[in-house]
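Trainee: Here it is, the structure in full.
The values are calculated or read from the model by the stated rules, or taken from the named source; none is laboratory data. Bear in mind the structure is a predicted one, so any value in this text is a computation, not a measurement. Counting neighbours? That spans all protein chains shown, and the Cβs are built from the backbone with ideal geometry, glycine included. Just so you know, the surface numbers come from the protein's heavy atoms only, side chains and all, with ligands and any DNA or RNA stripped out. Shrake-Rupley method; radii C 1.70, N 1.55, O 1.52, S 1.80 Å.
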Amino acid sequence: MTAPAAAVPDGPRRTVGVLIEDHFDATEFRLFNSWLPAHGYRVRYLSHLWGQPSLTFGSNPDDGTVEEHVTVTEEVAGADPAQYAGIICIGAYAMDRLRYQAELPPPGAPSTAPAVAFARAALAEPGVKVGAICHSLWLLCADPGLLRGRRVTCAHNIVGDVENTGAVVVRDTVGAATADLVVDGDLVTARHPEVTEEFLAAFVREIETAWAAPAARTAPAAAPVRGDAAMPTEQQVRTAVQGYVDSFNTRDRDKFLALLAEDVVQVDPVGSPANTGRAALADFWDGLFGSVEKVEFAVTDLIVSGDEAALTFHIVQTTPGGPVVVDGVDVFRIDGDGRIAEVRGYVDAAHVRAGSAGS
């Protein structure tokens, strides 16, 4: 591993985490290890270590030789993005390897790869910047909700992958190439390793702008308001809704309840009596999974507007009598803390039917 240019004190405001795996880009790696310490930032590498205390990764074999190696001791699973000023996904093929999942999730469910979960948490953490160069947006493509509607740039040959998430890939002025650099809120992306220095300068500028703002770690800047109450950011809304979906797919009762505001209101389906408070929704959960063995919850579309989100879903419930398919709409309201304050379900008899394998 290339030695840092200077010793830099550790700490969240001066630490940049870099996600890495085999086949990383050597040009970016060298610049991370020289440019960032020279500008006052410590670099810490994270990866999925598969239960090992450390793993050593090599760069792309340019000209047939693996020139750079790095030994990583930081496990990404369970890491806290709030301990970093920013997170960078290194380029080349490393992020494709890092998004590997040992088990295939249900249809429509997001990636369970530890690095994808970490990226999801980083993008939801106020004030933490996330950066990606060249091919490294592959990691975020594993959860399309992380890129949907965002303006980004990337390597030419993954434009299709990125656009399929619903992201907008920005072109240069003549439209013949992707833009060198794009900043979209807390996400900073660059086209190619040849613009790594420009990328790092923009990335650090975004970090320092965020830290200069009051309470950068506790509240998003310039949050819109509904009446006198703070509203969540769009990413907080998406994260809460995705967590709700994930909790059903993984049958995680604790996660489900942790997503809810204390005074949450559920009307499901609309027209039935409301369940109010976490205890009532705990009873709802227990009743559902008392009669259903498994729920496969696939989101077919999601629209976020202000503090609300509407999703259309396709659910397959495995019951003792066989599969039951339900198609419908859920509408959520998320509070200023990013918790679900209200959920309303829309289902009618015409959209409930007996299913079969693969329904």
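Trainee: Residue pairs, Cβ under 9 Å, 6 or more apart or interchain, first in the range 255-274 and free of Cβ contacts under 8 Å to residues at least 12 places away in the same chain, second hydroxyl-bearing (S, T, Y) and open to solvent by less than 50 Å² (accessible area, probe 1.4 Å). List them.
Mentor: A258/S247
Trainee: Let me ask something else. Looking only at helices (runs of 4 or more DSSP H) that lie completely in the range 84-189, which have at least 3 residues being more than 13 Å from the chain's Cα centre (by Cα) and modelled with pLDDT of 95 or more? Full working, then the answer.
Mentor: Details: elements: 94-98, 114-124, 138-141, 159-163.
Once the helices (runs of 4 or more DSSP H) in the range 84-189 are filtered for at least 3 residues that are more than 13 Å from the chain's Cα centre (by Cα) and modelled with pLDDT of 95 or more, what remains is 94-98.
Trainee: Right, next: Only one of these is open to solvent by less than 70 Å² (accessible area, probe 1.4 Å), free of Cβ contacts under 8 Å to residues at least 24 places away in the same chain and under 30 Å from L147 (Cβ atoms): V347, V331. Name it. Working first, answer last.
Mentor: On the way: V347 fails: free of Cβ contacts under 8 Å to residues at least 24 places away in the same chain.
So the residue among V347, V331 that is open to solvent by less than 70 Å² (accessible area, probe 1.4 Å), free of Cβ contacts under 8 Å to residues at least 24 places away in the same chain and under 30 Å from L147 (Cβ atoms) is V331.
Trainee: Any idea which residue in the range 16-49 is farthest from the chain's Cα centre (by Cα), counting only those that are in a strand (DSSP E or B) and of a type outside the set (A, V, I, L, M, F, W, C)? Talk me through it step by step, then tell me what you get.
Mentor: Here is the first cut: in the range 16-49, the residues in a strand (DSSP E or B) are 16-19, 24, 42-47.
After this cut, where a residue has to be of a type outside the set (A, V, I, L, M, F, W, C) as well, the list is 17, 42, 44-45, 47.
Details: G17: 16, R42: 24, R44: 20, Y45: 19, S47: 16 Å.
Among those residues, the one meeting the criterion is R42.
Trainee: For the range 300-310, how many residues meet the condition of being over 14 Å from R148 (Cα atoms) and touching an Asp or Glu at 6+ places or on another chain (Cβ under 8 Å)?
Mentor: 2
Trainee: Where residues in the range 171-183 are in contact with a strand residue (DSSP E or B) (Cβ under 8 Å, 6 or more places away or on another chain) and farther than 20 Å from E28 by Cβ, which of them is least open to solvent (accessible area, probe 1.4 Å)?
Mentor: My answer is D172.
Trainee: Can you pull out the residues in the range 33-85 that are small (G, A, S) and out of contact with any Lys or Arg (no Cβ under 8 Å at 6 or more places or on another chain)?
Mentor: Residues satisfying the conditions are S34, A38, S47, G51, S54, G58, S59, G64, A77, G78, A79.
Trainee: Go through the range 147-170 and report how many residues are open to solvent by 30 Å² or more (accessible area, probe 1.4 Å), under 14 Å from V130 (Cβ atoms) and among the small types (G, A, S).
Mentor: Total meeting the criteria: 0.
Trainee: Identify, by number, the condition in (1) among the aliphatic types (A, V, I, L, M); (2) crowded, with 22+ Cβ neighbours inside 10 Å; (3) over 14 Å from I20 (Cβ atoms) that A124 doesn't meet.
Mentor: All conditions are met except number (2).
Trainee: While we're here: Please work out if V43 is surrounded by 16 or more Cβ atoms within 10 Å (Cβ to Cβ), modelled with pLDDT under 95 and closer than 30 Å to T209 by Cβ.
Mentor: Working: surrounded by 16 or more Cβ atoms within 10 Å (Cβ to Cβ): yes; modelled with pLDDT under 95: no; closer than 30 Å to T209 by Cβ: yes.
Answer is no for this residue.
Trainee: Residues that are at pLDDT 90 or above, more than 23 Å from the chain's Cα centre (by Cα) and small (G, A, S): does the range 335-355 have at least one?
Mentor: yes
Trainee: What number of residues within the range 1-34 satisfy the criterion of being open to solvent by 10 Å² or more (accessible area, probe 1.4 Å) and at pLDDT 95 or above? It would help to see each step written out before you state the result.
Mentor: Within the range 1-34, the first condition is being open to solvent by 10 Å² or more (accessible area, probe 1.4 Å), and the residues that meet it are 1-14, 21-23, 25, 27, 30-31, 34.
Filter once more, keeping what is at pLDDT 95 or above: 21-23, 25, 27, 30-31, 34.
So the answer is 8.
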